[in-house]
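**Student:** Below you'll find the structure I mean.
Taken together, the values in this text are just the output of simple stated rules run on the coordinates, not laboratory data. This one's a predicted model, so the numbers in the text were calculated from it and none came from an experiment. Glycine also receives a Cβ, built like all others from the backbone with ideal geometry; neighbour counts cover every protein chain displayed.
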Amino acid sequence: MNHDACIEAMNDLIKINNDRIEGYKKAIDELQDDEHFDLKTVFSGMVTESQQYKAELQNKIHEYGGSTEEGTTTSGKLYRAWMDVRSAFAVNDRASVLSACEAGEDAAQRAYRSAIEDEEVMEETKVLLRQQKQSLRTSHDKIKALRDTAKA
């Protein structure tokens, strides 16, 4: 059993969930008019979802005797994708905002896939990661559908 590899992968995913939380919180803050109330509701749900996944990952890390990391990814595609959310709001275009959110969701999917494909990560850990990835995929598809509707 390689707990170290599992702990490292899960800490990376904690940071990704932190990016997702911060990205959606920024999106909610930028939505000032009632016209986008539906997005605020969706984005709030995504924040709650990532907070739950972060807690699950932290619990598993503690179960393995490791310590959890905080913060967000300060480099890499995911962080940049979420920063694009803020610039998308500058033009106040619903489709642009949702496209930026979808890019962040795509990056989260890639990160989870990478952790699941890591041969050093134990199967027990992969079960949790697959569950979270599938749920995040549902959220991704919801964002994509909203984006497609906004473009129509």
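**Student:** I want to check the label-to-label distance for THR41 and ALA150. Put each point 7 Å from Cα in the C-beta direction and report it in nm to one decimal.
**Tutor:** Reported label-point gap for THR41 and ALA150 is 1.7 nm.
**Student:** Separate question: Under 5 Å between amide hydrogens, which residues at least 5 positions from MET122 or on another chain qualify, with H placed 1.01 Å from N in the peptide plane?
**Tutor:** Excluding prolines and chain starts, which carry no amide H, the hits are ASN2, CYS6.
**Student:** Further question on the same structure: What GluC sites (Glu not before Pro) in the range 109-149 are in a loop by DSSP, with at most 15 other Cβ atoms within 10 Å of the Cβ?
**Tutor:** Loop-located and lightly packed - GLU119, GLU120.
**Student:** Place the peptides 43-51, 94-102, 13-21 in order of packing, highest mean first, counting for every residue the other Cβ atoms within 10 Å and averaging per peptide.
**Tutor:** 13-21, 94-102, 43-51
**Student:** If I take R0 = 41 Å and measure r between the Cβ atoms of THR138 and HIS3 in this structure, what FRET efficiency does the formula 1/(1 + (r/R0)^6) give, to the nearest 0.05?
**Tutor:** So, using R0 = 41 Å, E works out to roughly 0.90.
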